[in-house]
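J.: One structure, pasted below without further comment.
Just so it is clear, none of the values below were taken in a lab; they were calculated from the coordinates. Note that the structure is a prediction, hence the values are computed from the model and not measured. Methodologically, a virtual Cβ is constructed for each residue, glycine included, from the backbone with ideal geometry; neighbour enumeration extends over all protein chains shown.
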Amino acid sequence: MTSPTQPRGTVVIIGPGYPLRGGLATFDQRLAREFIHQGFDCRIYSFSLQYPDFLFPGTTQYSTDPPPEGLIILSRINSIQPLNWMSVGNELRRLRPDIIVVRYWLPLMGPALGTILRRVKKNHHTRVIAITDNVIPHEKRPGDTPFTRYFLKACDAYITMSEKVMKDLRIFQPLKPARQIAHPLYDNFGEPITREAARQRLRDKGITIGDTDRIVLFFGFIRKYKGLDIALEAMADPRIRNMGIRLLIAGEFYEDAAPYKEQIARLGIEDQLILRTEFISDTEVRDYLCAADAVIQPYRNATQSGVTPLAYHFEKPMIVSNVGGLPALVPHEQVGLVAEPESAAMSDAILRFFTLGESYFLPALRREKEKYSWSKLVETILGLAHGAND
């Protein structure tokens, strides 16, 4: 008998995973698949309680999709229970993974994750690499700075996915190894389908959308910093109405919806909008992206965005704000258009897109997307874990 191939090593990803939903869980699960593909034993340590319900802005934290096949996802971590942090830390210390990859996106998680990692590191074996989605959060709260400092001190090295987060990180950790890498493509939602097929699938769900409609897509959770109100104001431009351009809004409100509804009524743009303001399941993501002519991200501030790699994968040009890491990810008049985060500039950019046409952007989109690979992220993690200093 031949013995089974020995894994290259053991990796634990600490972060959201199924049955939790959203972009972080999707990312963690796709990263775990890449580690497994490259020969590692990899599992995800997720949360039994991620947020108390009163702190969660959406309708539910849990997915209704079937569980992902072929992944070990353990719902172990209670973000507000210190005894749990000690228990999970001790469990992982005994497990002795070669590498822990830990997601950091919110200071609220700093005490739990920082405590767990301190327990793990008592084994003098495991290397801890943090993927820091945010270091200084979009929406500030008391405790942000000490919680973030506590977490970061427990890590050996860091990965950021934008220059802005790298600069923020270096305020807290000027010396430990850190690398900046592009957010990999979300290629786990299926291959692109034609615009006509995607729109038919949306019509089958009861969404009124024509094959010849000019559609700009706002996709993802709706929060103040994402600037949906700027996009709504842009839609009121008479030139936008005259060109028959419509805004498809696909995503759940993570704040009070009333001001947006009042703005829509005040602007009189109801007939220019297609509203699907609910959580978009993984099985529907492709339909919305492929149905659009372009994707708009009118953010007031940004580090990186999970919507950008989605747009790259489905080869959709982007209209983005000139803030944070977005201009570097979306080269102007190549893969999309960059505009100031105010309504007149966004109106001009939308009109410019439809003047140039989608085909203008496709060659550069296809070239640029080659940079965004999961194997590159794994390579970077392994280099940091092995002490690479180049």
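J.: Excluding Ile209 itself, calculate the net charge of residues whose Cβ lies under 9 Å from the Cβ of Ile209, where each Lys or Arg counts +1 and each Asp or Glu counts -1.
T.: +1
J.: Over the range 195-371, calculate the relative contact order: mean separation of alpha carbon pairs under 8 Å at least 6 apart, over the residue count, as a percent.
T.: About 23 percent, as a whole number.
J.: Here is a follow-up. Convert each backbone phi in the range 215-228 into a coupling constant with the Karplus relation 6.51 cos²θ - 1.76 cosθ + 1.60 (shift: θ = phi - 60°), then list the ³J(HN,Hα) values in order as whole Hz, x for Gly and Pro.
T.: Result, rounded to whole Hz: 10, 10, 10, 9, 10, x, 3, 9, 9, 3, 5, 7, x, 4.
J.: Could you give the angle, 0 to 90 degrees to the nearest 10, between helix 195-204's Cα long axis and the longest principal axis of the Cα atoms of the chain?
T.: Its long axis makes an angle of about 90 degrees.
J.: Local charge sum around Met166 (other residues, Cβ-Cβ under 15 Å, Lys/Arg +1, Asp/Glu -1)?
T.: +2
J.: Just rank Phe221, Phe353, fewest to most, by other beta-carbon atoms within 10 angstrom.
T.: Result, fewest neighbours first: Phe221, Phe353.
J.: Still on this model: Helix 163-172 against the longest principal axis of the chain: what's the angle in degrees, Cα atoms only, rounded to the nearest 10?
T.: It is inclined by approximately 40 degrees.
J.: Tell me the volume per residue, in Å³, of the convex hull enclosing the alpha carbons of the chain.
T.: Convex hull volume per residue, Cα atoms: 153 Å³.
J.: While we're here: Hey, got the dipole for the range 183-294? About the Cα centre, +1 on K and R Cβ, -1 on D and E Cβ, debye to the nearest 20?
T.: Result for the range 183-294 is approximately 240 debye, rounded to the nearest 20.
J.: Give me the dipole magnitude in Debye, nearest 20, for the chain about the Cα centre, with unit charges on the beta carbon: positive for Lys and Arg, negative for Asp and Glu.
T.: 1520 debye
J.: Among Tyr360, Leu228, Asn242, whose Cα lies farthest out toward the positive end of the dipole of the range 195-371, if unit charges sit on the beta carbon of Lys, Arg (+1) and Asp, Glu (-1)?
T.: Highest projection toward the positive end goes to Tyr360.
J.: Continuing with this model, one more query. Relative to the first principal axis of the alpha-carbon coordinates of the chain, what is the inclination of helix 358-368, with its axis defined by its Cα atoms, in degrees from 0 to 90 and to the nearest 10?
T.: 20 degrees
J.: Next question, about the same structure. I need Arg170, Arg366 ordered by Cβ neighbour count within 10 Å, fewest first.
T.: By the 10 Å Cβ count, ascending: Arg366, Arg170.
J.: Based on other C-beta atoms within 10 Å, arrange Trp85, Trp105 from fewest to most.
T.: So the residues, fewest neighbours to most, are Trp105, Trp85.
J.: Follow-up. How many percent of all Cα-Cα pairs in the range 221-290 sit more than 17 Å apart?
T.: 44 percent
J.: Still on this model: Rounded, prolate or oblate, given the Cα gyration tensor of the range 30-123, with a/c below 1.5 counting as rounded?
T.: Note, shape of the range 30-123 comes out oblate.
J.: Another question, then. Once Rh is set to the Kirkwood radius over Cα pairs, what Stokes-Einstein translational diffusion coefficient, in µm²/s, holds for the range 195-371 at a temperature of 25 °C and a viscosity of 0.890 mPa s?
T.: 153 µm²/s
J.: Using the Kirkwood radius over C-alpha pairs as Rh, can you work out the diffusion coefficient of the range 41-190 via Stokes-Einstein at 37 °C, viscosity 0.692 mPa s, in µm² per second?
T.: It diffuses with D of about 199 µm²/s by this estimate.
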